[in-house]
Amino acid sequence: MNKTPRLLLALDVLAAAGMLTTIGLVFLYAPIERVMGAVQKVFYFHVASAWIGMVGFLVAAAVGVLYLLRRKPILDVAGHAAVEIGLVFSVIAVLAGMTWARPVWNTWWTWDPRLTTAAIMVLVYAAYLILRSGIDDPEQRARFAAVYAIVGAVSVPLTFFSIRLFRTIHPVLFGGDTSSSLSDFSTDPRMVLTFFVSLAAFSLLFVAIFWHRIRLGQLADRVEELKLNREEQQ
């Protein structure tokens with residue numbers, strides 16, 4: 001395994017600084033929302049995690065298309081990495097949303113369209129990992145995973161637009177019925193700044209983790225190749 005590139009190390013530092021800045025802004029700078037109270041601060045982590053989850057799944061779909069066209073192993077590694085990261089952040093988003101919902105909606109979970117489509121999206125990509133684990137042949141696994149990632153990406157826009165396509169109690173950030181929106185978000189620049197800084201910080205974190213995960217995946221593939229060669233020689 002090659003030494004960690006300096007650019008990746010710099011990216012790690014930037015991602016860490018971004019996350020620390022986000023935490024500082026959320027708890028020390030952004031005001032308490034007048035309707036929901038202090039629990040609204042979960043919003044900054046909830047939305048940013050959901051954003052990264054969806055970005056991960058869309059990246060996996062794009063990489064899947066490239067793999068089917070070029071059949072390069074590193075593209076399969078990248079697709080696998082993107083799905084893993086996207087799934088982790090999507091689960092974080094769901095858990096953060098439940099934490100937010102409990103005091104606001106008086107329930108941990110409700111079958112609201114946004115929550116339902118988000119749960120379906122998580123299950124779709126959990127099945128992706130199960131599919132990969134059930135196929136031993138590397139080329140066949142990569143091909144099936146690429147196709148699945150492309151098809152599964154349909155769940156991403158469905159989840160994103162669900163609050164605009166269906167009646168929902170989930171807050172709408174921009175536009176929509178003001179009764180379901182965050183009352184202070186569009187008028188308080190401190191909340192808007194904190195929101196966009198959190199998105200930027202989480203995006204940097206995604207790129208850093210994605211790069212590390214690709215490097216780890218390449219190492220895992222090399223180990224698997226060595227094992228297969230050793231078994232053939234015995």
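Where a number appears in this text, it was derived from the coordinates with a stated rule and is not lab data. Since this is a predicted model, take the numbers as computed values, not measurements. Counting neighbours? That spans all protein chains shown, and the Cβs are built from the backbone with ideal geometry, glycine included.
Overview of values
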quantity	calculated
Cβ-based exposure ranking for S133, S162, in which fewest neighbours within 10 Å come first	S133, S162
Per-residue Cβ neighbour rank within 10 angstrom, fewest leading, Y44, Y29	Y29, Y44
Diffusion coefficient, µm² s⁻¹, Stokes-Einstein with Kirkwood Rh over alpha-carbon pairs of region 1-99 at 10 °C and 1.306 mPa s	101 µm²/s
Of every Cα-Cα pair in region 93-143, the percent that sits beyond 12 Å	70 percent
Within the chain, longest stretch clear of exposed trypsin sites (Lys or Arg not before Pro) (DSSP loop, no more than 14 other Cβ within 10 Å)	72-166
Percent of alpha-carbon pairs separated by more than 25 Å within the chain	48 percent
Fully extended contour minus Cα-Cα distance, from K227 to L66, at 0.36 nm per residue	55.2 nm
Residue exposure sequence - L123, L11 - by fewest surrounding Cβ within 10 Å	L123, L11
Rel. contact order, % - alpha carbon contacts under 8 angstrom, at least six apart, the chain	31 percent
Mean-position separation - Cα centroids, region 47-124 and region 210-224, in angstrom	21 Å
Isotropically averaged projected area of region 52-142, using the convex hull of Cα atoms (one quarter of hull area), nm²	6.2 nm²
E33 long-range amide H proximity, modeled H, under 5 Å	Q40
Selected from A149, A127, A81 as most flexible by GNM, with the chain as the system and alpha-carbon contacts under 10 Å	A127
Residue with peak Gaussian network fluctuation, the chain [Cα springs, cutoff 10 Å], from E224, E33, E84	E224
